Structure formats: C-alpha cells, structure tokens
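Undergrad: Got a structure here, written out as structure tokens. Questions coming.
The values are calculated or read from the model by the stated rules, or taken from the named source; none is laboratory data. A quick note: this is a predicted structure, and the numbers were derived from the prediction, not measured. All Cβ positions, glycine included, derive from the backbone under ideal geometry; neighbour counts span all protein chains shown. All accessible areas refer to the heavy atoms of the entire protein, side chains included, with ligands and DNA or RNA removed. Shrake-Rupley method; radii C 1.70, N 1.55, O 1.52, S 1.80 Å.
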Amino acid sequence: MIQKLSKYIPENALILVQEILEEHPLVIKIVKERATKHGDFKRTIDSKVEITINNNLNQYHFLITLIHELAHFVTFKKYKRIKPHGIEWKRNFQHLMLPFLNPEIFPEDLLPLLANYLINPKASTGSDVNLMQALNKYDDNSGKSFIFELPHGSMFLFKNKIYKKGNIRRTRYECVEMKSKKTYLFNKNAAVEIIEHNE
C-alpha cells in the first residue's frame, strides 16, 4: 500500500503514513477526480471499510485528505456511530496530523495556515479559503482560475461543459450548466477555465 501512495505524498511523509497504516490497516483506492469531494471514507456492502482519494490532488493536498479520511476510520473504530465531523473526529484528525506539521514535509508557506486550520478543522479543507489558495499554488492549474475570483455571471468551462456563475450559498456557488439549464454547486476553490466576463 505504501508503495502505491509513494508517488502521491511527500517523500518525508512516507514513514509516518506507514506507521498509521500498520496500526490501522484498510483499503485505500485512488480514483479519478470528483467535482464534489477530494476523498471519502465508507463501509462497503460486505462491511469492510475503504478510503478513496482523488488522483488529481497535489502531494500536500493529497496528504491532508488522506489523514482526514484516516481520522474517520480511527474514529469509526473507536465510536462506531457518531457525527462525521464532530469533536471525536476533530481530535483524531489533530492527533494524526500533528507529526506531519514539519518543514521537511510541508513548505514554509503552508505550515502556519495548516496549523491554524487544525485548531478547529472543518468537514472540508475547501472551507478554509486561505489554506486552499495556498494549496492550489502547488497544483498544475496552468491557464485556470478559481471560481471565487470570477465576477458574478461569468461563463466558464469545467469538464467540457459551459457554466454560468451564480449566487453563493453558504460555502459554494450555484452555477447553471448552460446546455441542461441544471444548477450545480461548486466549491469556491474549484479550478475552472474562463470563457468570458459579463459585467
């Protein structure tokens, strides 16, 4: 398993991740990008557990997502049924993540933002705009912009479909897919390709 993960996470994080996986073994699947989530933890039909993580995340984002999902597993093992991102998960996530807060693993610009996020981690790293902006700098997003940067009414391309940016609903933007006229919710930090600006 650690060999499979080695190309997705920082090299200096491998030993720490291996230690966690030896204590808490489970199936980790690396999957194609999903627009609505970076990773998830679930029980399969045969009562086994697995983690899935998007294959398009940069190594720092991938590592944070991996530890986020491993914290779900550790919490599930101990408590079974509780709130998914309640105090028990937060404590486990903080506990698992702290050894990784190291300049040999994360770049200097990410460390203070990550430390701040860990004070009270949310259900998604996407809810921390400062952390996500810093993480996104390490993506290969050549020629792309983030939805929160676009003016209201902008047209943009995402996965070969054209959308129009609408109003914000709590932490996500309502965007209309122009062909079907259906409304989809986009994370503030979704990377998209601008088509035109409407004033």
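Undergrad: Filter the stretch 142-193 for residues that are more than 23 Å from S124 (Cα to Cα), among the small types (G, A, S), surrounded by fewer than 18 Cβ atoms within 10 Å (Cβ to Cβ) and touching a residue at least 12 places away in the same chain (Cβ under 8 Å) and give the result.
TA: Of everything in the stretch 142-193, those that are more than 23 Å from S124 (Cα to Cα), among the small types (G, A, S), surrounded by fewer than 18 Cβ atoms within 10 Å (Cβ to Cβ) and touching a residue at least 12 places away in the same chain (Cβ under 8 Å) turn out to be G143, G153.
Undergrad: Across the stretch 157-199, which residue is farthest from M132 (Cα to Cα) among those that are over 22 Å from the mean Cα position of the chain (by Cα) and among the hydrophobic types (A, V, I, L, M, F, W, C)?
TA: So, considering only residues that are over 22 Å from the mean Cα position of the chain (by Cα) and among the hydrophobic types (A, V, I, L, M, F, W, C), the one farthest from M132 (Cα to Cα) is M178.
Undergrad: Would you point out the residue of the stretch 25-56, among those that are at pLDDT 90 or above, in contact with a Ser or Thr (Cβ under 6 Å, 6 or more places away or on another chain) and not acidic (D, E), that is most open to solvent (accessible area, probe 1.4 Å)?
TA: So, considering only residues that are at pLDDT 90 or above, in contact with a Ser or Thr (Cβ under 6 Å, 6 or more places away or on another chain) and not acidic (D, E), the one most open to solvent (accessible area, probe 1.4 Å) is K29.
Undergrad: For F76, indicate whether it is open to solvent by less than 70 Å² (accessible area, probe 1.4 Å) and over 26 Å from E11 (Cα atoms).
TA: yes
Undergrad: Could you count how many residues in the stretch 29-71 are more than 30 Å from F158 (Cα to Cα) and not in a loop (DSSP other than H, G, I, E, B)?
TA: 3
Undergrad: Could you list all residues from the stretch 1-24 that are surrounded by 12 or more Cβ atoms within 10 Å (Cβ to Cβ), free of Cβ contacts under 8 Å to residues at least 60 places away in the same chain and in a loop (DSSP other than H, G, I, E, B)?
TA: The answer is M1, S6, Y8, I9, H24.
Undergrad: Still on this structure, I have one more. Considering only the stretch 122-174, state which residues are in a loop (DSSP other than H, G, I, E, B) and within 12 Å of N187 (Cα to Cα). Reasoning before the result, please.
TA: Within the stretch 122-174, the subset in a loop (DSSP other than H, G, I, E, B) is 122-124, 128, 137-144, 150-154, 159-160, 170-171.
Matches in the stretch 122-174: S124, D128, R170, T171.
Undergrad: State which residue pairs qualify: first residue farther than 18 Å from L16 by Cβ and inside the stretch 80-105, second residue of a type in the set (A, V, I, L, M, F, W, C) in any location, beta carbons under 7 Å apart, and separation of 6 or more residues or different chains.
TA: H85/A123; E88/I82; W89/A71
Undergrad: What are the pairs with Cβ atoms under 9 angstrom where one residue, in the stretch 50-62, is over 20 Å from L114 (Cβ atoms) and in contact (Cβ under 8 Å) with a residue 40 or more places away in the chain and the other, located anywhere, is outside any helix (DSSP H, G or I) and of a type in the set (V, I, T)? Sequence gap at least six, or different chains.
TA: Matching pairs, first to second residue: N55/I30; N55/V31.
Undergrad: Hey, another quick one. Restricted to the stretch 123-133, and to residues that are of a type in the set (G, A, S) and open to solvent by 10 Å² or more (accessible area, probe 1.4 Å), which residue is farthest from R172 (Cα to Cα)?
TA: Applying the filter and picking the extreme gives A123.
Undergrad: Moving on. State all residues of the stretch 85-106 that are loosely packed, with under 13 Cβ neighbours inside 10 Å and part of a loop (DSSP other than H, G, I, E, B); if no residue qualifies, say none.
TA: G86, P103, E104, listed by residue number.
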